[in-house]
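Engineer: Here it is, the structure, as structure tokens.
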Amino acid sequence: EMLRAPIRLAFLTEYPSQFPAWNMDWADRKQPPRGYVVGRPKVEVLETGPLRVALRVERQSEGSFFTQTIRLAAGPSGERVEILNRIDWKSTACSLKATFPLSVSNPKATYSWGLGTIQRGNNHAQRYEVPTHSFIDLTDEKNDYGVALLTGAKYGSDKPTNDTLRLTLLFTPEVSGDYHEQRYQDWGRHDISYALVGHRGRFRNVDAHFQAERFEQPLL
């Protein structure tokens, strides 16, 4: 109900003209993804208990190995669908973005900064990778229904269309000239988590700040 199409992990070509460790270029961002994590999946039921159910999906693409656990709990924790990723990353000249085609549409999304929130529009030449802390929310223009993306420990994202959010997970740019070592940045193993929370009305109705804190700092 929160999605109009499946969530996908997209490979976007990254060839910054300068300072490749952190720069992304608009020329690259205007291009469609060069591919997605596909491959023949191995799927298994990981948990089927009364408190939580979970599926594990394993795939390989572009030299990297992806293990995703999708889980849903009973009770208040069941207000969010959690996705845990273990990624053995060895892909080149690209970023990896989790792409969320949502069932709601709005030219503006709300981004948390921890101390407050800010609204931003879709990608354009001066703003096509933006920061956030803890969550991004997309609520329809009538404020009837929305989806909050809990971003975990990832802080960069973009919004290519009115109904699509993309969370940047990894960044391994192509380089020319200097900075040869930066073509291998982010290589290695990563544990990355994010979640989706649906809500009626505005994001404050579900207390997205609270949901993000509970997701990032679970009770022990």
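The values are calculated or read from the model by the stated rules, or taken from the named source; none is laboratory data. None of these values were measured; they are calculated from a predicted model. Note that each Cβ is placed from the backbone with ideal geometry, even for glycine, and that neighbours are counted across all protein chains shown. We work out accessible area using only protein heavy atoms, side chains counted, and drop any ligands, DNA or RNA first. Shrake-Rupley method; radii C 1.70, N 1.55, O 1.52, S 1.80 Å.
Engineer: What's the extension gain from TYR15 to TYR184 if we count 0.36 nm per residue and subtract their Cα-Cα distance?
Structural biologist: Details: separation 169, 0.36 × 169 = 60.84 nm, distance 1.32 nm.
Fully extending the segment from TYR15 to TYR184 adds 59.5 nm.
Engineer: Sticking with this one: Using a Förster distance of 22 angstrom, determine the FRET efficiency expected from the C-beta separation of ASN143 and TRP113, and round it to 0.05. Walk me through the numbers on the way to the answer.
Structural biologist: On the way: r = 21 Å, r/R0 = 0.96.
Computed FRET efficiency for ASN143 and TRP113 comes out at 0.55.
Engineer: Given R₀ = 30 Å, FRET efficiency for LEU72-ASP191 by Cβ-Cβ distance, to 0.05?
Structural biologist: On the way: r = 19 Å, r/R0 = 0.65.
Calculated value: 0.95.
Engineer: What accessible area per residue comes out for segment 109-164, rounded to a whole number of Å², with a 1.4 Å probe?
Structural biologist: Values: 2520 Å² over 56 residues.
Computed with neighbouring chains in place, this is 45 Å² per residue.
Engineer: Something else: Starting from the Cα of GLU174, step 7 Å along the direction of its Cβ; do the same at VAL53; then give the gap between the two resulting points in nm.
Structural biologist: If labels sit at GLU174 and VAL53, their model points lie 4.4 nm apart.
Engineer: For the chain, what % of the accessible area comes from carbon and sulfur atoms, probe 1.4 Å?
Structural biologist: Values: 5990 of 11610 Å².
Ligands and nucleic acids excluded, carbon and sulfur give 52 percent.
Engineer: Next question. Separation between the ASN23 and VAL38 pseudo-spin-labels, each 7 Å from Cα along Cα→Cβ, expressed in nm?
Structural biologist: Placing both labels 7 Å along Cα→Cβ, they lie 3.3 nm apart.
Engineer: Now for a different question. Quickly work out the ARG127-to-GLN31 label distance, labels modelled 7 Å from Cα along the C-beta direction, and quote it in nm with one decimal.
Structural biologist: 2.6 nm
Engineer: One-quarter of the Cα convex hull surface for segment 133-197, in nm²? Intermediate values should be presented prior to the final figure.
Structural biologist: Details: hull surface 23.6 nm².
One quarter of the hull surface, i.e. the mean projection, equals 5.9 nm².
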